[in-house]
1. Using +1 on the beta carbon of Lys and Arg, -1 on that of Asp and Glu, and nothing else charged, what's the dipole of the chain about the Cα centre, debye to 20?
2. May I ask you to sort Glu239, Glu95 by Cβ crowding, counting other Cβ atoms within 10 Å and putting the fewest first?
3. Roughly what angle does helix 317-334 make with the longest principal axis of the chain, taking Cα atoms, 0 to 90 degrees, to the nearest 10?
4. How fast does region 72-146 diffuse by Stokes-Einstein, in µm²/s, taking the Kirkwood radius from C-alpha pairs at 4 °C and 1.567 mPa s?
5. Taking the Cα-to-Cβ direction at Ile312 and at Val344 and moving 7 Å from each Cα, how far apart do the two end points lie in nm?
6. At 0.36 nm per residue, minus the direct Cα-Cα distance, what do Glu69 and Asp223 gain on full extension? Give it in nm, one decimal, please.
7. Taking Cα centroids, how far is region 282-350 from region 68-129 in Å?
8. Under a 10 Å cutoff between Cα atoms, tell me which one of Thr269, Thr261, Thr178 has the largest fluctuation in the Gaussian network model of the chain.
Amino acid sequence: MQGLKAELLRGLWYVAAPGKSVRRGKMLPKTLMGEPVLIGRDNDGKVFALRDNCPHRGIPLRYGKFDGETVQCCYHGWKFDRTGTCVEVPSLREEQKIEFGRIKCGAYDCIEQQGLIWIYFPKDGETPAEGGQPEPARMPHFADDVAPTLGIMLPFPCSTDHAAFGLMDPTHAAFVHTSWWFKKDATKLRPKEKHFEPSELGWRMVRHKLPPQNLVYKLLGKDVETEISYKLPGLRIEEVHGDKHAVVGLTAITPVTEEDTEVYQFFWTTPGWVPFVRPLAQHLMTVFLDQDRRVVVQQREGLMHQPRLMLINDADTQARWWMRVKDEWKGAQSESRPFANPLVPRTLRWRS
Ligand code: FES
Ligand SMILES: [Fe+2]
């Protein structure tokens, strides 16, 4: 059962940072998947990601300098290009030859798409296409060069499993998300019934219409529909659209280590659809996500004592699906076969 740590899934694309957090000619050091990663943006505006260890004496390259083309280590000044290959060793004299192509700090496949920087963490040095996920997930309705209008990240002191359970947990809202502006009353739980079906690398709540009387939905136009999908490596994509506008929300969990996780929340909106002023919306998103974060901080106190945990039907069925989809991903990798989704269509019922 899930405790403080979770095994990290490899061979997948992870959200590494919002694109706007790395300016031209700048570097952003991070720990992701337990590895030291140095993200940068070169003079041409292209992003790249290096393993943040100098192959000479191991010092993190983040302490060095980046001139928009090469990263220079702070210790002996070796320079590395954006592919992680050494291109200069200042101590060499003319007669001293060294094969630069063999000196590498290592680089990751890194893509900027829809305003997010994604990094691929291979299992055994394979390319993303060989690993079974050639490209990062794409948000529907929006082109590749459209960045989110809103975005936040909070560090969660929990494993990816507990962070993922939070994403797909339909029954905690009445107890955890209890602000004045999002009032859910735990004494008035209502029966819910939702239909689910398997989808690429996970499952989705079958597309359905939303109540036309809701004011926020009315702003999107007529015939407002929604679809929510959950997929590896811990993405929840919620799409709501009417005949005039569309909104897509992404919650992404990115492992920092086996027991620490970054939780991102982004929204893409069609132009002109501004339901709130941005700072207010950003504030409310932070309040909401912080309520989830505070729960996992408290949960951590309990998990220290390695209690036995439970998953119940149907409230936690999606948490079970998460574990099954994860197991299948690892099984497919170890047997070198394609991922075969183990889920079947199901209707889930609960009170919330
Ligand atoms: S440790 Fe990086 S150049 Fe020596
Ligand atoms: Fe929540």
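1. Once rounded to the nearest 20, the dipole reads 980 debye.
2. Glu95, Glu239
3. Orientation of helix 317-334: about 30 degrees from the principal axis.
4. 85 µm²/s
5. It works out to 2.6 nm between the two label points.
6. Net length gain for the segment: 50.5 nm.
7. 36 Å
8. Per the Cα network of the chain with a 10 Å cutoff, Thr178 tops the list.
Coordinate-derived values only; no laboratory data. All of these numbers come straight from a predicted model, not from anything done at the bench. Heads up, the Cβs are rebuilt from the backbone with ideal geometry, glycines too, and the neighbour counts pull from every protein chain shown.
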